[in-house]
Protein chains: 2
Amino acid sequence: MTQKLRVYEDTKALFHLPDGVIYLDGNSLGALPLGVAERVNRVITVEWGHELIRAWNTADWYVQPRRLGDRIARLIGAEPGSVMVGDTLSLKVYQALAAALEMNAARKLILSDTGNFPTDLYMAEGLIATLGRGHQLRLVAPEAIEAALSEEIAVLYLTEVDYRTGRRHDMAKLTAKAHALGIVTVWDLAHSAGALPVDLAGAGADFAAGCTYKYLNAGPGAPAFLYVAPRHAGSARSALSGWMGHEKPFAFELGYAAASGVERMRVGTPPVLAMAALEASLDIWDRVDIAEVRAWSLDLSDLLIDEVERRCPQLKLVTPRAPTQRGSQVSFAFEGGYAAMQALIARGVIGDFRAPDIMRFGITPLYIGEDEIIRAAEIIEEVIAGEEWRRPEYQVVNAVT
Amino acid sequence: MTQKLRVYEDTKALFHLPDGVIYLDGNSLGALPLGVAERVNRVITVEWGHELIRAWNTADWYVQPRRLGDRIARLIGAEPGSVMVGDTLSLKVYQALAAALEMNAARKLILSDTGNFPTDLYMAEGLIATLGRGHQLRLVAPEAIEAALSEEIAVLYLTEVDYRTGRRHDMAKLTAKAHALGIVTVWDLAHSAGALPVDLAGAGADFAAGCTYKYLNAGPGAPAFLYVAPRHAGSARSALSGWMGHEKPFAFELGYAAASGVERMRVGTPPVLAMAALEASLDIWDRVDIAEVRAWSLDLSDLLIDEVERRCPQLKLVTPRAPTQRGSQVSFAFEGGYAAMQALIARGVIGDFRAPDIMRFGITPLYIGEDEIIRAAEIIEEVIAGEEWRRPEYQVVNAVT
C-alpha cells in the first residue's frame with residue numbers, strides 16, 4: 001500500500017514553483033505537479049507515437065474518463081461509477097441543467113444567485129433560448145437563496161463556493177430543503193473539488209460538475225467532470241448525446257441509444273493528452289487526506305486574514321470569517337484592487353483580481369505554507385500601505401486578467 | 001520565408017513511425033509529428049510551470065483558439081477570422097446545427113444521409129429532443145441527397161467524405177442547390193481537412209466543423225474547429241453560450257452578450273496542452289501544398305486499389321473509382337472483415353474495421369509512399385488469399401476497434 005503524504009511537508013516538493021514567486025492563484029490555475037511532464041511525454045511518445053490507434057485498447061484511453069472520474073469521486077463524496085470526466089465545466093453544467101429541467105418539466109424557474117460564476121449563468125441563458133418554452137433564470141443574492149426556494153422552482157443551480165468572495169453555501173441544508181419542495185439540484189464544484197471535503201452522496205445532490213485545473217492541479221484547460229446521482233443515472237437524458245455516450249459506440253448505429261449510467265454523459269472523443277496530465281496530478285491527491293488539506297487551508301486562511309487586516313486597514317475582508325462558511329480563498333475589496341494586484345504580481349505575489357474591486361488569494365496547502373503567507377502579507381503591506389500600487393505602470397489593463 | 005516541404009520526400013522524416021508498421025489509419029488517428037513532444041513539454045514546464053496564470057497573457061493562451069483557427073482556415077478555403085478551435089467535433093456540429101435551425105425557424109426538417117458519422121446524427125437527435133418543437137431528422141441514402149432537397153428542408157447536414165466508403169459529396173453543387181431552395185448548410189469536414197483541398201468560401205458554405213486528430217495529426221482527442229461564414233458570424237446564436245464567447249469575458253457580467261464574429265462560438269476554457277500539440281502539427285501543414293497532398297493521395301489510392309483488386313478478388317471495393325468522388329481512403333467490403341483487419345494489424349498493417357463489413361485504409365501522403373502501399377498489398381494478399389484471417393485468435397472482438 002502506498003504511504004500517505006503529509007500535506008505541505010511531503011507534498012510541496014512534488015510541485016514546480018518558480019523562484020521568487022508566492023503563488024496564491026491555485027484557485028485559478030493550480031501549480032505544476034512534477035510528475036506531469038513525464039507522464040504526458042510518455043503518452044505522446046509511447047502511446048500515441050508507438051501504439052498509435054491501438055492505444056485506445058492497449059493504453060485504456062477509452063475507459064480513462066470513467067477511471068479518472070472514480071478517482072475524483074473519492075474527493076467529492078461521490079459513489080463509485082457516478083463521475084465522468086470530459087469537455088469543459090461550461091458544457092458539463094449545461095448537460096446537468098438540461099437533464100434536471102427535463103426531470104421537472106412542469107416547472108419553469110431556475111434559481112441561482114448573483115455570486116454564481118458567469119459562465120454557469122450564460123450557459124443557462126443559452127439553454128433557455130434553445131428550449132424556447134418560457135423558462136426563466138431567477139437570480140437573487142447568495143444569502144437570499146434559502147428564502148427563495150419554493151414549489152415554483154424547477155432547479156436550484158448554484159456554485160458551492162463563490163469565485164469572488166469565497167462564501168460557501170450549505171449544500172446539505174439547501175439540497176434537503178430543495179428536495180422537500182420538489183426541486184432538483186445542480187451544484188458547481190469549481191472552487192470545492194480539492195479545496196475542501198465535499199459529500200455529494202451524503203447531501204443527496206442530484207447533479208454536480210467541476211473543473212480540474214484549479215485545486216486539482218491538472219493544468220490549463222484540463223477536462224471537467226460531471227456527477228449524476230446513481231438514482232438518476234439510468235433516466236437522465238444527455239442533451240449533448242454524442243457517440244461516446246451511446247450504449248454501443250462502435251456499432252455505429254444510425255439511432256442514439258444512451259449508455260447505462262453516467263457513461264451516457266460522455267460526448268465526443270476524450271482529450272487524451274489532457275487526461276494524462278490529470279492522471280499525474282491525481283497521483284498526489286490519491287495519497288493525501290482531504291480533511292487534512294482542509295484543516296491546513298483554514299489555518300492558513302486565518303493567518304492571511306489576521307496578517308493583512310493588521311497591516312492594511314484599507315483592505316476590507318469580503319470572505320466570511322466563519323470557517324464553515326468559506327471555501328479555500330481569502331478575498332478583500334479595495335478600490336485600487338486592479339492596480340494593486342498588478343503591483344503584487346510584479347513583486348512575485350500572484351493572486352488575481354475580479355471585477356469590480358476584489359483582490360482574491362487562493363490557499364493551496366499542498367504547496368503553500370505559513371512562511372509564504374507571512375511573506376505575502378509583508379509584500380501586500382508594502383504595496384498597499386506604501387502606495388506602490390499607485391505607480392502608472394500598474395494602471396494598464398491587460399487583455400486577460 | 002520558410003521553405004516549402006515536398007510531400008513525403010521531405011515530410012516523412014518529420015513523423016515518428018514505429019518499426020514494422022505500415023500505418024494506414026491516419027484517417028482515424030494521425031501519426032505523431034516529431035515536434036509535438038518538445039512543444040507540449042515546453043508548454044508544461046515553461047508556460048504552465050513557470051509563468052503559471054500569467055501565461056494566459058504572456059504565452060497568448062487566450063488568443064490561441066483563434067490563431068490556430070486561422071492556420072486551419074488556409075487548409076479549408078475559409079476566410080481569415082472565420083474559424084475557431086475548441087471542444088470536440090460532436091459539440092461543434094451541435095453548435096452549428098442549432099444556429100442553422102434558428103436561422104431557418106419556419107422549417108422543421110434536417111436532411112442528412114445514412115453515411116453521416118453517427119455522432120452527427122446522435123447530436124441532432126439530442127438537439128431535436130431539447131428543442132421539443134417537432135423538428136425531424138430525415139435520412140436518405142448518400143446518392144439520394146440531391147433529389148431530396150426541397151423547400152421543406154431547414155438544414156442540409158452532411159459529412160463531406162463518408163467515414164466508411166470514402167465517397168465524397170459535391171459540396172459546391174449541393175450548397176448552391178440548397179441555397180436556391182432556402183436551405184442552410186452544415187458540413188462536417190472530419191475526413192476532408194488535411195485530406196483534400198476544401199473551398200468553403202468558394203462553395204458558399206454556411207457552417208462547417210472538423211476534427212484535428214485525423215489527417216491534421218494533432219493527437220488523440222485533439223480539439224475540433226468550427227467555421228461560420230462571415231455573413232452569418234454577427235448574427236448566428238451560440239446555443240452553448242459559455243463565458244469565452246462573451247464579448248467581455250473578464251468583466252464577469254451576469255448577463256450574456258455575444259462576442260462579435262466567430263469568437264462567440266467559443267465555450268469554456270480552451271484545452272491549452274492539446275492546443276500545443278496542434279500548434280506543432282500545423283507547423284508541417286503550414287509548409288506543404290494541399291494540392292500536392294491531394295495529387296499524391298489519389299495516386300497512392302489508385303495504386304492500392306489496383307494492387308488489392310489484382311491480388312484479392314474476395315475484397316469488393318466500396319470507394320468510388322472516380323477521383324473527384326472520393327476522399328483520401330480506400331475501403332473494401334469483406335465478409336470476414338473484422339477478423340481480417342485483426343490479422344493485418346498483427347502483421348503490422350494497421351487500418352480499421354467499420355461495421356458491418358468494411359475494411360478501411362487511410363491514405364496519408366505526408367508519411368505514406370508507394371513502397372508502403374505495395375508492401376501493404378502483399379500482406380493483405382497473404383492474410384486474405386492465404387486465409388490467415390481464419391485463425392481463431394482474430395475472431396475475438398475488442399472493446400474498441
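Listed by position, the strands (runs of 3 or more DSSP E) inside the range A:304-401 whose residues that are out of contact with any helix residue (DSSP H, G or I) (no Cβ under 8 Å at 6 or more places or on another chain) number at least 2 are A:329-333, A:358-362.
For the range A:21-30, the criterion of being touching a helix residue (DSSP H, G or I) at 6+ places or on another chain (Cβ under 7 Å) and of a type in the set (D, E, K, R) is met by at least one residue. The residues of the range A:146-184 that are touching a strand residue (DSSP E or B) at 6+ places or on another chain (Cβ under 6 Å) and farther than 22 Å from A:Val330 by Cα, listed by number, are A:Ala148, A:Glu152, A:Ile153, A:Ala154, A:Val155, A:Leu156, A:Tyr157, A:Thr175, A:Ala178, A:Ile183, A:Val184. Within the range B:340-387, take every residue that is closer than 20 Å to B:Asn217 by Cβ and of a type in the set (Asp, Glu) and give me the one that is farthest from the chain's Cα centre (by Cα). In this case the residue turns out to be B:Glu372. Considering A:Gln342, A:Gln395, the condition of being more than 16 Å from A:Gly26 (Cβ to Cβ) and surrounded by 16 or more Cβ atoms within 10 Å (Cβ to Cβ) is satisfied by A:Gln342 alone.
Filtering the range B:40-65 to residues that are surrounded by fewer than 19 Cβ atoms within 10 Å (Cβ to Cβ) and in contact (Cβ under 8 Å) with a residue 40 or more places away in the chain leaves only B:Arg42. Of the listed requirements (1) touching a strand residue (DSSP E or B) at 6+ places or on another chain (Cβ under 8 Å); (2) of a type outside the set (Ser, Thr, Tyr); (3) modelled with pLDDT of 95 or more, A:Gly221 misses just one: (1). Can you find a residue that is buried (at least 24 other Cβ atoms within 10 Å of the Cβ), at the interface with chain A (Cβ under 7 Å from one of its Cβ atoms) and outside any loop (DSSP other than H, G, I, E, B) anywhere in the range B:216-234? Checking the range B:216-234: not a single residue is buried (at least 24 other Cβ atoms within 10 Å of the Cβ), at the interface with chain A (Cβ under 7 Å from one of its Cβ atoms) and outside any loop (DSSP other than H, G, I, E, B). Those helices (runs of 4 or more DSSP H) of the range B:1-90 in which at least 1 residues are acidic (Asp, Glu), considering only elements entirely within it, cover B:35-42, B:64-73. The set of residues in the range A:238-258 being within 7 Å of chain B (Cβ to nearest Cβ) and more than 16 Å from B:Asn116 (Cβ to Cβ) consists of A:Ser238, A:Ala239, A:Leu240, A:Phe250. Mind checking whether some residue in the range A:22-36 is more than 21 Å from the chain's Cα centre (by Cα), more than 7 Å from chain B (Cβ to nearest Cβ) and farther than 19 Å from A:Tyr213 by Cα? The answer is no; no qualifying residue exists.
Criterion first (buried (at least 21 other Cβ atoms within 10 Å of the Cβ), of a type outside the set (Phe, Trp, Tyr), in contact with a strand residue (DSSP E or B) (Cβ under 7 Å, 6 or more places away or on another chain) and within 14 Å of chain B (Cβ to nearest Cβ)) does A:Ser301 satisfy it? The answer is no for A:Ser301. Of the residues making up the range A:77-112, those that are within 10 Å of chain B (Cβ to nearest Cβ) and farther than 27 Å from B:Ala105 by Cβ are A:Gly86, A:Asp87, A:Thr88, A:Leu89, A:Lys92, A:Ser112.
The values are calculated or read from the model by the stated rules, or taken from the named source; none is laboratory data. Bear in mind that the values here come from a model prediction, so they are computed numbers and not experimental data. With ideal geometry, Cβ positions are generated from the backbone for all residues, glycine too; neighbour counts draw on all protein chains shown.
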